[in-house]
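See below for the structure under consideration.
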Amino acid sequence: MANRTVIQADALDWLSTAALTGCSVITSLPDISEVPTLGLEGWRSFFSRAAALVMAAVPDDGVAIFFQSDIKLDGVWIDKGYLVARALEDSGAVLLWHKVVCRRPAGSIAFGRASYSHMLCFSRAVRADAARSTADVLPQAGKMTWSKAMGVDACVLATRFIERETTTRTVVDPFCGYGTTLAVANALGLDAVGVDISARKCRRARALTLAI
């Protein structure tokens, strides 16, 4: 039976000392709306540091998969996929794939939050088998366990890539929220570790189960 551990902690503090042997990461870094006291530039700094800490903690035989939705502030779009890639430029990691996940049907008009998300996979040593490639565009993210969740279908794709293309057998989400990533990993037979600063979200993340 797959194991799940959920830790209530500040993710940046936890990542600063974490050595994720045998682990890969699937996560969605917090949006500015989740840390409003930082302001835009403070959030950008926080976001970039978080991305870099995630990659630093992932072992060479693992991958880090980020699921990020662009936002619009004062009429200007902020590309969070770009922010992740820029933060990882000097880490020695390479981009294995970049997928677009539709959160609303193609052709939808969005006001403020994009109708798509970026899903980007990075690693230092893993290289994907091109013969087992999957679609670059996912037509839907899948069931949402809360408003800012990574959709279940997107989680399944990411977890199956880890299972198929790496030797790691534990999925870590340092910003786990309600635990969608953890529940999908367990449903597919992998162990899971989640971290969140919110006690309420940690309780939800410990209890969430999904049938895949």
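Every number here is computed from the coordinates shown, using simple stated rules; none is lab data. Here the structure is a predicted model, which is why all the values come from computation and not from measurement. Methodologically, a virtual Cβ is constructed for each residue, glycine included, from the backbone with ideal geometry; neighbour enumeration extends over all protein chains shown.
Brief remarks follow.
- Alpha carbon centroid spacing (whole Å) that separates the stretch 113-138 from the stretch 87-107: 6
- Local net charge near residue 160, Cβ-Cβ under 14 Å (Lys/Arg +1, Asp/Glu -1): 0
- Förster radius 30 Å - calculated FRET efficiency between residue 33 and residue 124 (Cβ-Cβ, nearest 0.05): 0.40
- Inter-label distance, nm, simple model (7 Å from Cα along the C-beta direction), residue 132/residue 2: 1.6
- Each other residue within a Cβ distance under 14 Å of residue 38 adds +1 if Lys or Arg and -1 if Asp or Glu, for a net charge of -2.
- In this label model, residue 12 and residue 203 are separated by 2.8 nm, measuring between points 7 Å along each Cα→Cβ vector.
- Estimated inter-spin distance, residue 44 and residue 86, nm [label 7 Å along Cα→Cβ]: 0.6
- Assigned charges on the beta-carbon of Lys, Arg, Asp, Glu; the stretch 4-207 dipole about Cα centre (debye): 640
- Dividing the helix sum by the residues of the chain, where each DSSP H run of 4 or more adds -39500 (n - 2.57), gives a mean residue ellipticity at 222 nm of -9000 deg cm²/dmol.
- Reducing the stretch 7-57 and the stretch 156-212 to their Cα centroids gives an inter-centroid distance of 16 Å.
- Coordinate range along principal axes, alpha carbons of the stretch 4-207, Å, largest first: 44, 38, 37
- Fluctuation leader among 111, 161, 67 - the chain, Gaussian network, Cα springs under 10 angstrom: 111
- Net charge contributed by nearby residues that have their C-beta within less than 15 Å of residue 181 (K/R +1, D/E -1): +3
- Phi-based couplings in Hz for the stretch 205-212 (Karplus 6.51, -1.76, 1.60; Gly and Pro marked x): 5, 6, 9, 5, 10, 9, 9, 9
- Of 19, 135, 154, the one that fluctuates the most in a GNM where the chain has Cα springs shorter than 10 Å: 135
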